[in-house]
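These notes concern the structure reproduced below.
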Amino acid sequence: MKKTNSIIKTAKKTILIESNAIANLANLIDADFEKAVNFILNSKGRVILTGIGKSANIGAKIVATFNSTGTPAIFMHAADAIHGDLGNVQTDDVVICISKSGNTPEIKVLVPLIKNYGNKIVAITGNVDSYLGEHADFTINAYVEQEACPNNLAPTTSTTAQLVLGDALAVCLLELKGFTSKDFAKYHPGGALGKKLYLRVSDLIKNNQIPKVNESDSIAKVIIEISEKRLGVTAVMNKEKLVGIITDGDIRRMLSKTTQISKFTAKDIMGNNPKTIHENAMAIDALQIMEKNSITQMLVINNKNKYVGVVHLHDLIKEGIF
């Protein structure tokens, strides 16, 4: 038990140390941060992220965030840069250099080379008085009082701070660019995230059958229609007009009260004013309506309010939306 308590205590201490350091970053944001954002925004080139060690790993993640939010970026390891990869840096590119100390040998070699090319440097460093901090065109303060590591050595709090500042840059840029969820979907077409942003109800129902009965049809015909179309529901029509819905639950509830089904028609047991959704609506909207109303199917209509199919919760699950 003592060991368990010690583990929990250490975990909580780590989280608190890092969270307090992150909160303090808000106090360090200054005019240089704003200038850096505006310069990147108006730059005709890409953003090059570079660093050494764990800072390099953070740089790679920031690159991914930039690219996914409309700011073209590439990663260049600082050690590789001084051995040939500087060729990645083009005339209009902006270089973001990440370093806790700002004084590592590779950074001291790299910075003047980049400046000789005429490119602007944005520093993200925990030491604004370092070589990097003093020679960068824009310096973003990533100071943290201590690492979460009990020896104050392993990059923990400092790399978290770098990551958060990278996110802050990315979010500022996407807001200034007017980057929308539709833009985001263009860069995330795969997986459940992408599907939530671009998949429409019409995509879900294209392989489904279209169950329907007339309001004067017998209950026997209703049961057959629901069973054959395998969606647990059928629309009820008056000629071409949608007037109701019958689910397999409606059938069960009716049979629990009477077995004399021959005297009933679809109109007698249908639900009026069924929940419907437009075929061009987003799939995620269908899920939200289903969850709100505790239902598993919805009838789908088109621009002419014509019934065109059924979207089922299973369709959403199959696509990974649920």
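The values are calculated or read from the model by the stated rules, or taken from the named source; none is laboratory data. The structure presented is a predicted model; accordingly, all values stated were derived computationally and were not measured. Note that each Cβ is placed from the backbone with ideal geometry, even for glycine, and that neighbours are counted across all protein chains shown. Just the protein is used for accessible areas: all its heavy atoms, side chains included, with ligands, DNA and RNA removed. Shrake-Rupley method; radii C 1.70, N 1.55, O 1.52, S 1.80 Å.
Odds and ends about this structure:
- Taking the helices alone, the chain has a mean residue ellipticity at 222 nm of -14500 deg cm²/dmol, built from -39,500 (n - 2.57) per DSSP H run of at least 4 residues and averaged over all its residues.
- Cut-off under 5 Å, modelled amide H: who pairs with Phe264 long-range: Ile219
- Area accessible to solvent at Lys35, 1.4 Å probe radius, in Å²: 110 Å²
- For Lys13, the lysines whose Cα comes closer than 18 Å to its Cα, not counting residues fewer than 8 places off in the same chain, are Lys2, Lys3.
- Percent accessible area from carbon and sulfur atoms, the chain, protein chains only, probe 1.4 Å: 52 percent
- Solvent exposure of the stretch 62-164 amounts to 42 Å² per residue of accessible area, where only protein heavy atoms count and the probe is 1.4 Å.
- The local environment of Ile121, defined by Cβ-Cβ distances under 15 Å, has a net charge of -1 under the rule Lys, Arg +1 and Asp, Glu -1.
- In range of the label at Lys275: residues from the stretch 195-224 whose backbone nitrogen is under 16 Å from the point 7 Å along Cα→Cβ: 201
- Protection-proxy order for peptides 15-27, 62-74, each taking the mean of Cβ atoms within 10 Å per residue, highest first: 62-74, 15-27
- Which listed pairs, of Lys54/Lys177; Lys196/Lys304; Lys263/Lys304; Lys196/Lys239; Lys35/Lys196, have C-alpha distances above 28 Å, in listed order: Lys54/Lys177; Lys263/Lys304; Lys196/Lys239; Lys35/Lys196
- Answer label, with volume of the Cα convex hull per residue in Å³ calculated from the coordinates and candidates [x] 202; [y] 149; [z] 131: [x]
- To the nearest 10, the accessible area of Val95 is 0 Å² with a 1.4 Å probe.
- Amide H contacts of Asn214 (H built 1.01 Å from N, under 5 Å, at least 5 apart or other chain): Met237
- Against the criterion of solvent-accessible heavy-atom surface with a 1.4 angstrom probe, Arg230, Arg252, Arg46, Arg200 sort, most first, into Arg230, Arg252, Arg200, Arg46.
- Per-residue HN-Hα couplings for the stretch 309-321 [Karplus 6.51, -1.76, 1.60; θ = phi - 60°; Hz; x = Gly/Pro]: x, 10, 9, 10, 3, 4, 5, 5, 5, 4, 8, x, 7
- Gyration tensor (alpha-carbon) shape descriptor, the stretch 239-308, a/c threshold 1.5: oblate
- Rounded to 0.05, the FRET efficiency of the Leu16 and Lys61 pair, given R0 = 22 Å and the Cβ-Cβ distance, is 0.45.
- For the stretch 202-283, relative contact order (Cα pairs under 8 Å, six or more residues apart, normalised by length) works out to 32 percent.
- Relative contact order of the stretch 1-126, defined on C-alpha pairs under 8 angstrom at six or more residues apart (%): 24 percent
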